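Notes for the one structure printed next.
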């Protein structure tokens, strides 16, 4: 959960998750939809799916006991060198290094790394430094202290070198180059996108679709959503109707725009135009887990939805309550 997410954000999710799924075996037995619902709002949902698969592999291959061998840990879904080192050193005091955003910055300044820390040569050097500083005991404590040092004192801007316990060892400070080290690649400019979501009701049920593997928000449910190109209202309604029919098998008649939501996903800045639509004809695919289904409004809270779909669901329920 802490990958690319701050502690303050993670804490309530972590507590709720452990209350619902307190053991590896419980997580392995859980339905993926429950896992995603518990994770909803944290983003980067692939992490939740990989953790779920990792728990299933631990039960199947390791008797439900988390392995202590670093190579076995790294074979688990979603676990790379940093996560393996963090788990093994903190949980089992294994002599394993870590390297993440805060320690990358800290070590880069300590050795005055020239060039990009994400390059192959930069990574080799920084991992070597991370391994060289490991003590024989209390490895987890040191790794956590290094991360804390990087996040609090060795900050990206305005590092508090006067309070740093390793300032005398810092080559970047000696060179007065803290502001230039580590070298930071400029972020690509945000790309604007226009999308539309279509909210269809029929007999007190809303039409939902599930994002496929490889798509944004894979495994989560959403109202039918598509990029749109049409500029005039007639062409737009035709485009929405065709997209909904292609995706779900249902023919609809879109109304005027209901609401507009703006949000960001990675480097995209999305304007989501949301349309209510009347059901006309057609049926959704049938099966044990169809990718499209009609869901009672009272059951929407049981489904894992992406952030904007959850906002739309709440608006929909509030509207229904006012009718």
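Filtered by the rule that a residue be surrounded by fewer than 19 Cβ atoms within 10 Å (Cβ to Cβ) and within 19 Å of residue 126 (Cβ to Cβ), the stretch 59-82 gives 70, 74, 80, 81.
Taken over the stretch 61-73, the criterion of being assigned to a helix (DSSP H, G or I) and either touching a strand residue (DSSP E or B) at 6+ places or on another chain (Cβ under 7 Å) or without any contact (Cβ under 8 Å) to a residue 12 or more places away in the chain (or both) is satisfied by 61, 62, 71, 72. Counting only helices (runs of 4 or more DSSP H) wholly contained in the stretch 116-218, the ones carrying 3 or more residues that are exposed (fewer than 14 other Cβ atoms within 10 Å of the Cβ) and either more than 26 Å from the chain's Cα centre (by Cα) or free of Cβ contacts under 8 Å to residues at least 24 places away in the same chain (or both) occupy 120-132, 139-152.
For the stretch 240-251, the criterion of being surrounded by fewer than 17 Cβ atoms within 10 Å (Cβ to Cβ), outside any helix (DSSP H, G or I), free of Cβ contacts under 8 Å to residues at least 60 places away in the same chain and over 26 Å from the mean Cα position of the chain (by Cα) is met by at least one residue. Please go through the stretch 265-284 and pick out each residue that is surrounded by 13 or more Cβ atoms within 10 Å (Cβ to Cβ) and part of a loop (DSSP other than H, G, I, E, B). Correct list: 284 only. Being in contact (Cβ under 8 Å) with a residue 60 or more places away in the chain and either surrounded by fewer than 16 Cβ atoms within 10 Å (Cβ to Cβ) or in a helix (DSSP H, G or I) (or both) is the requirement here; does residue 41 meet it? Yes; evaluated as a whole, the condition is true for this residue.
Bear in mind that the values in this text are calculations on the coordinates, not laboratory data. In this text the structure is predicted, and so the values were computed from the model without any measurement. All Cβ positions, glycine included, derive from the backbone under ideal geometry; neighbour counts span all protein chains shown.
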